[in-house]
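One structure is given below, encoded as structure tokens.
Computed from the coordinates by the stated procedures, all read-outs in this text should not be read as laboratory data. Remember, predicted model here, so these are calculated numbers, not experimental data. Here the Cβ positions follow ideal geometry from the backbone for every residue, glycine too, while neighbour counts run over all protein chains shown.
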Amino acid sequence: MPTALLSVSDKSGLTAFARGLKRLGYDLFATGSTLQAIEDASLDVQPVSDLTGFPEMMDGRVKTLHPGVHAGILARRDKPEHLEALAQHGLREIDLVCCNLYPFIDTVVGEKVTFEAAIEQIDVGGPAMIRAAAKNHQSVVVVVRPERYSEVLGALHEGALDEPARRSLAAEAFAHTSAYDAWVAAYMRRDARNGFPSELTIPGQLAEPLKYGENEHQKAAFYRLGPDPGGLGGAVQVHGGAPGFNNLQDASAAYQLVMDYAEPAAAIVKHMNPCGLAVAQDAATAYRMAFECDKVSAFGGIVSINRPLDRATAEQIVQIVTHVVIAPKVLDEARDVLARRKNMIVLAAQPAHQGLFDYDVRSVPGGFLVQEWDRAGFDRSACKTVTRRAPTEEEWRQLGLAWTGVKHVKSNAIVLFKDDAAIGVGAGQMSRVEAVQLAVQRAGERSQGAVMASDAFFPFPDGLELGIRAGVTAVIQPGGSMKDADVIAAADAAGIAMVVTGRRHFKH
């Protein structure tokens, strides 16, 4: 008679799975609360101590770490000496292990969890059983996810799980323990002051497979960090079809941009760059002003606001083709309006939590790069006026808004701001002067009286002079060029104001 050992923290579907195993003729053994749940379902089950001949002890810390469990799991059925060893010691083979781990992740992402409470949720015996069963998957079925119960029972009912299916379950088991350990390691180093760890694992949970990646020939999927990470990982879809890889990338860029503003803000993003950005007294006004920045590029764009999406804002958004709308919340009053655009994706996303995996990660062939997020905002007190004329109070306001915005534009980046709205954006150019050319071209006559932000210093005066000819009256930039004196002289000659921040905002 085959033997199954069950020890699960997540009891979803447990009793149905146990009942199915009993119908297939399995003897059931279980630990602690799993045993109780199966007994409560009036199913015949035996305690794990019947396998080990030893009681659970130390508040359940020690219950499965015993040869009565691990010998039965690890014994290779194709080696007579392994089976003889089991018989010699009166141990039985274990043919199926169903196990998922203590709720460490749910515990540490909660509020005000104590270190002692977190430590008690570190599972030891569970990972050992899972890894043992996965290692010996040719002889032992290992199941770590409740959503696999039905297909496992179905395959066993048909006769047996084939080798590819067993290997797939084993791979999932190793991934389960690996992700678990990654969370434990991150928690233990959360207060470390020694920089980045020597080894780093990012434990993603599959949120959804995507239709394709950036292009149709590329496979893709979306993973979230933990059960409720906020941001895109915690977003709730309110309307529309399934989002794609590019939709999510652009939505992320748009959302990060507007969340950098305290005032009601709206952004329109295309290909990871803003083509519209504004702040106002309400979201509807901010969206209208952002749309005015570049009406052509706004078609088919991604819209983000940092306030609940109301009916007035939705009425404007649906006037043109928009692929994605993302906001912290979608009010009921807006939903029937949004429904007019059947395929438009609408996401509600709260701000991302600055949790245990608070990294900006980029993959490269053969590795990945990790850095802190660029959370440096506009700090007027840290700015230095380097020209004879200082900015006016209104120019200071526009410079601050522009500096916050240019941080989110691909380098080389230039943003023109006027009356609380971006009026021209030059993004991702190989030379800074070309970025200025694009920004002033898009702004047109609106550039008269605007301010200009540059994500890095002007290597020569030519880019600045192009902005001056377009009508720019104040500039914010990091400074630090060997030609700073020439750049400042050009600003003074034109009578404009310039401030330097001492900090650049490259974005690649």
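Below are the figures for this structure:
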| quantity | calculated |
| --- | --- |
| Kirkwood-Stokes translational diffusion coefficient of segment 113-229, alpha-carbon pairs, 25 °C, 0.890 mPa s, µm²/s | 145 |
| Equivalent ellipsoid semi-axes, segment 313-466, via Cα gyration tensor eigenvalues times 5, rooted, Å | 32, 23, 17 |
| Cβ charges +1 (Lys, Arg) and -1 (Asp, Glu), total dipole of segment 3-188, debye | 280 |
| Mean separation of Cα contacts under 8 Å (6+ apart) over length of segment 380-500, as relative contact order % | 29 |
| Segments 469-481, 168-180 sorted - mean Cβ within 10 Å per residue, highest first | 469-481, 168-180 |
| Calculated from backbone phi, Karplus (6.51, -1.76, 1.60) coupling profile of segment 432-446 in Hz, x at Gly/Pro | 5, 5, 5, 4, 5, 4, 5, 5, 6, 5, 6, 6, x, 5, 5 |
| ³J(HN,Hα), Karplus 6.51/-1.76/1.60, whole Hz, each residue of segment 73-82, x for Gly, Pro | 7, 7, 4, 7, 6, 8, 10, x, 5, 5 |
| Farthest positive-ward along the chain dipole, Cα basis, beta-carbon charges - from Ala422, Met498, Gly72 | Met498 |
| Long-range amide H partners of Ile326 with built H, under 5 Å | Val303, Ser304, Ile305, Leu347 |
| The chain - share of DSSP beta bridges that are antiparallel (%, nearest 5) | 55 |
| Isotropically averaged projected area of segment 3-188, using the convex hull of Cα atoms (one quarter of hull area), nm² | 10.9 |
| Inter-part distance where segment 1-29 and segment 123-165 are each reduced to a Cα centre, Å | 12 |
| As computed over segment 230-348, the Cα convex hull volume per residue (Å³) | 82 |
| Mean separation of Cα contacts under 8 Å (6+ apart) over length of segment 3-188, as relative contact order % | 22 |
| For Leu309, residues with placed amide H under 5 Å, excluding near neighbours | Lys329, Val330, Leu331 |
| The chain, helix-only ellipticity at 222 nm - DSSP H runs n ≥ 4, -39,500 (n - 2.57), divided by all residues, nearest 500 | -11000 deg cm²/dmol |
| Positive-pole candidate from Pro274, Gly240, Cys98, dipole of the chain, charges at beta carbon | Pro274 |
| Binned Cα-Cα distance frequencies in segment 468-508 - 5 Å width, integer % | 6, 21, 30, 22, 15, 5, 1 |
